[in-house]
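The values are calculated or read from the model by the stated rules, or taken from the named source; none is laboratory data. Just so it is clear, the model here is predicted, and its values are computed rather than measured. So basically every Cβ, Gly included, is an ideal-geometry build from the backbone, and we count neighbours across all protein chains shown.
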Amino acid sequence: MYKLIAIDLDGTLLNSKGLISEENKNAIKKAQEQGIEVILASGRSKDSIKNFASEINSNKYLIAGNGALAYDIQKNKDIYDKSIKKKDVLKILEICEQNSIFYSLHTKSSILTKSLNYSPLVYHSENLSKPEDKKTSINVIPNLYEYVKTNNREKYLKISIQDADKSIFSNIIKKLKHIKNVDVIEVEHSTKKMLKINNEEMIMQYYYTEITRKNINKWSAIKCVSKKLGINKKYIMAIGDNINDKEMIEHAGLGAVMGNSALAAKHIGNMVVADHNSNGVAEAIEKILQ
């Protein structure tokens with residue numbers, strides 16, 4: 001009997017419109033009624049994840065920044081914090097600035113960006129249909145490099161790098177890999193997002209990677225949470241769709257990979273389920289319920 005289910009958000013629990021389907025909500029509720037703890041493990045900031053966690057009544061723990069942070073919701077307390085060191089953040093930003101590549105920073109509570117483009121625009125489009133207390137905090141800071149350089153209070157969970165041109169993107173990845181103390185996630189495909197702005201739907205497609213502190217991933221944070229809950233890894237199920245879910249899918253007792261997953265990720269799980277627009281999370285959970 002599984003005791004803990006860790007679920008990724010984008011491309012997994014959320015459909016292409018950024019919503020949780022009723023089918024997925026119902027399956028999660030069934031699991032919770034059987035005493036299974038459900039937590040969200042995402043690359044998003046803590047506050048953005050909290051909004052979705054409350055929607056599925058996941059009220060104990062969450063994992064943010066691709067595993068850089070584990071947070072106790074009830075105690076309003078971080079239990080695991082592995083942010084990127086400021087000197088490494090500045091090295092990454094210098095390379096991005098010199099090569100005119102788009103980047104955004106994820107802190108514990110918000111997204112910092114120079115403009116609304118790529119993933120910050122995705123979060124902005126989600127915000128348009130949400131009440132104020134459910135919106136993802138996005139701060140547009142035109143001179144973001146100087147902000148980071150002079151600000152000693154912020155902690156940076158991850159850095160997101162994006163570009164629509166594959167050759168430009170590939171070139172910047174090569175340069176970023178020379179920086180020590182950080183991991184650059186290998187993403188070989190582009191992502192496609194459906195946005196709705198001013199009642200008009202648009203599709204945005206771009207290449208991206210995410211940078212975290214060295215040897216930090218979702219599984220490292222899940223281990224911290226499972227220890228708090230007293231749960232052995234063989235009783236953990238992980239559901240994800242991308243390379244940033246690789247470690248948790250590999251090491252959990254049962255790893256489920258979404259049908260819309262990157263090809264590389266499909267070879268690491270125990271099962272492949274339907275895509276994020278076809279309630280793949282519900283399918284995975286139903287398979288383990290008694």
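Miscellaneous remarks
- For the stretch 239-283, filtering for residues that are hydrophobic (A, V, I, L, M, F, W, C), buried (at least 17 other Cβ atoms within 10 Å of the Cβ), under 27 Å from Asn215 (Cβ atoms) and touching a residue at least 60 places away in the same chain (Cβ under 8 Å) leaves 6.
- Residue check, Gly230 free of Cβ contacts under 8 Å to residues at least 40 places away in the same chain and not aliphatic (A, V, I, L, M): yes
- The number of residues in the stretch 86-111 being touching a Leu at 6+ places or on another chain (Cβ under 7 Å) and without any contact (Cβ under 8 Å) to a residue 40 or more places away in the chain comes to 0.
- The residue that is nearest to the chain's Cα centre (by Cα), counting only those in the stretch 41-74 that are basic (Lys, Arg) and farther than 18 Å from Asn242 by Cα, is Lys46.
- In the set (1) on the phi < 0 side of the Ramachandran plot; (2) touching a residue at least 12 places away in the same chain (Cβ under 8 Å); (3) out of contact with any Asp or Glu (no Cβ under 6 Å at 6 or more places or on another chain), the condition left unmet by Tyr71 is number (3).
Residue-by-condition table, conditions (1) touching a Lys or Arg at 6+ places or on another chain (Cβ under 7 Å); (2) at pLDDT 95 or above:
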{"site": "Glu200", "(1), (2)": "no, no"}
{"site": "Lys218", "(1), (2)": "no, yes"}
{"site": "Ile222", "(1), (2)": "no, yes"}
{"site": "Tyr235", "(1), (2)": "yes, yes"}
{"site": "Ile239", "(1), (2)": "no, yes"}
{"site": "Asp245", "(1), (2)": "yes, no"}
{"site": "Gly255", "(1), (2)": "no, yes"}
{"site": "Leu263", "(1), (2)": "no, no"}
{"site": "Gln290", "(1), (2)": "no, no"}
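- Test: Ser83 is touching a residue at least 60 places away in the same chain (Cβ under 8 Å) and of a type in the set (S, T, N, Q): yes
- Residues located in the stretch 37-55, provided they are among the aliphatic types (A, V, I, L, M) and in contact (Cβ under 8 Å) with a residue 40 or more places away in the chain: Ile39, Ala41, Ile49
- Test: residue in the stretch 123-140 that is touching a residue at least 40 places away in the same chain (Cβ under 8 Å) and either under 20 Å from Ile95 (Cβ atoms) or outside the structural domain of Ser100 (by TED's automatic domain parsing) (or both): no
- Test for Lys108: is it crowded, with 20+ Cβ neighbours inside 10 Å and either over 24 Å from Thr12 (Cβ atoms) or of a type in the set (D, E, K, R) (or both): no
- If you filter the stretch 115-137 down to residues that are in contact with a helix residue (DSSP H, G or I) (Cβ under 8 Å, 6 or more places away or on another chain) and surrounded by 19 or more Cβ atoms within 10 Å (Cβ to Cβ), you find that the one that is farthest from Ala53 (Cα to Cα) is Tyr123.
- Taken as a whole, the stretch 211-232 holds at least one residue that is surrounded by 16 or more Cβ atoms within 10 Å (Cβ to Cβ), assigned to a strand (DSSP E or B) and more than 13 Å from the chain's Cα centre (by Cα).
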